[in-house]
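Undergrad: Could you have a look at this structure, given as structure tokens, before my questions?
The values are calculated or read from the model by the stated rules, or taken from the named source; none is laboratory data. Here the structure is a predicted model, which means the values were calculated and not measured. Here the Cβ positions follow ideal geometry from the backbone for every residue, glycine too, while neighbour counts run over all protein chains shown. We work out accessible area using only protein heavy atoms, side chains counted, and drop any ligands, DNA or RNA first. Shrake-Rupley method; radii C 1.70, N 1.55, O 1.52, S 1.80 Å.
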Amino acid sequence: MILAAHGERNVPDPNRALAEHAAALASRMDCAFVGYGVLNSEPAFDAALATAIAGGADEIIIYPFFMSEGYFVRRLLPEKIAAAGAEEKATVLAPLGLDPGLAAEMMSDALDAAARKAFEPASTR
């Protein structure tokens, strides 16, 4: 499994959140490899894909950490997969932002944060 994102730049610890998500998945899933890569920085998506291929993966599941299914998901990821010769092995899932449970999860997290700070959600912006 590979988590794919655009890539953070100009921040103190770029792509840390993506790395933490990958580590959390690796600890919970029975996958031979859980990696991550970004399209516009390091670590590169191409390198994560190459690692999966070199490891002998029969199936590579790619989970785009994008809010929509735009250019990067529809065009750039498939181009990179094709360039690596992994079209037969790779499956690109729907992006995170299209997950039907995402809004409810975000609302739950926001309400939990408000409760910890004793904020009244109805009057909080």
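Undergrad: Starting from segment 23-40, take each residue that is touching a residue at least 24 places away in the same chain (Cβ under 8 Å) and under 14 Å from G7 (Cα atoms) and list its partners that are basic (K, R) and loosely packed, with under 15 Cβ neighbours inside 10 Å, counting only C-beta distances under 9 angstrom and pairs at least six apart or across chains.
TA: Final answer for the pair search is N40/R9.
Undergrad: Follow-up. List the residue pairs whose Cβ atoms are under 9 Å apart, where the first residue sits in segment 102-125 and is within 21 Å of F65 (Cβ to Cβ), the second is part of a helix (DSSP H, G or I), and the two are 6 or more positions apart or on different chains.
TA: Final answer for the pair search is L102/L96; A110/P121.
Undergrad: Let me ask something else. Criterion first (open to solvent by less than 30 Å² (accessible area, probe 1.4 Å), closer than 13 Å to L3 by Cα and of a type in the set (A, V, I, L, M, F, W, C)) does L49 satisfy it?
TA: Details: open to solvent by less than 30 Å² (accessible area, probe 1.4 Å): yes; closer than 13 Å to L3 by Cα: yes; of a type in the set (A, V, I, L, M, F, W, C): yes.
Spelling it out, L49 is indeed open to solvent by less than 30 Å² (accessible area, probe 1.4 Å), closer than 13 Å to L3 by Cα and of a type in the set (A, V, I, L, M, F, W, C).
Undergrad: So if I check each of E88, E105, E79, which one is under 15 Å from G37 (Cβ atoms), loosely packed, with under 13 Cβ neighbours inside 10 Å and not aliphatic (A, V, I, L, M)? Break it down into steps so the answer makes sense when it comes.
TA: Numbers: E88 fails: under 15 Å from G37 (Cβ atoms); E105 fails: under 15 Å from G37 (Cβ atoms).
Step by step, each of E88, E105, E79 is checked, and only E79 is under 15 Å from G37 (Cβ atoms), loosely packed, with under 13 Cβ neighbours inside 10 Å and not aliphatic (A, V, I, L, M).
Undergrad: Considering each residue of segment 15-46, count those that are under 15 Å from the mean Cα position of the chain (by Cα) and not in a loop (DSSP other than H, G, I, E, B), and give that number.
TA: Summing the residues that are under 15 Å from the mean Cα position of the chain (by Cα) and not in a loop (DSSP other than H, G, I, E, B) in segment 15-46 gives 18.
Undergrad: Select from segment 1-45 the residues that are surrounded by 15 or more Cβ atoms within 10 Å (Cβ to Cβ) and of a type in the set (D, E) and list them in ascending order.
TA: Answer for segment 1-45, where residues must be surrounded by 15 or more Cβ atoms within 10 Å (Cβ to Cβ) and of a type in the set (D, E): just E8.
Undergrad: For E87, indicate whether it is at negative phi and either of a type in the set (S, T, Y) or more than 14 Å from the chain's Cα centre (by Cα) (or both).
TA: Working: at negative phi: yes; either of a type in the set (S, T, Y) or more than 14 Å from the chain's Cα centre (by Cα) (or both): yes.
The answer is yes for E87.
Undergrad: Surrounded by 11 or more Cβ atoms within 10 Å (Cβ to Cβ) and of a type outside the set (V, I, T): is that true of E69 in this structure?
TA: Values: surrounded by 11 or more Cβ atoms within 10 Å (Cβ to Cβ): yes; of a type outside the set (V, I, T): yes.
Here the answer is yes, as E69 does meet what is asked.
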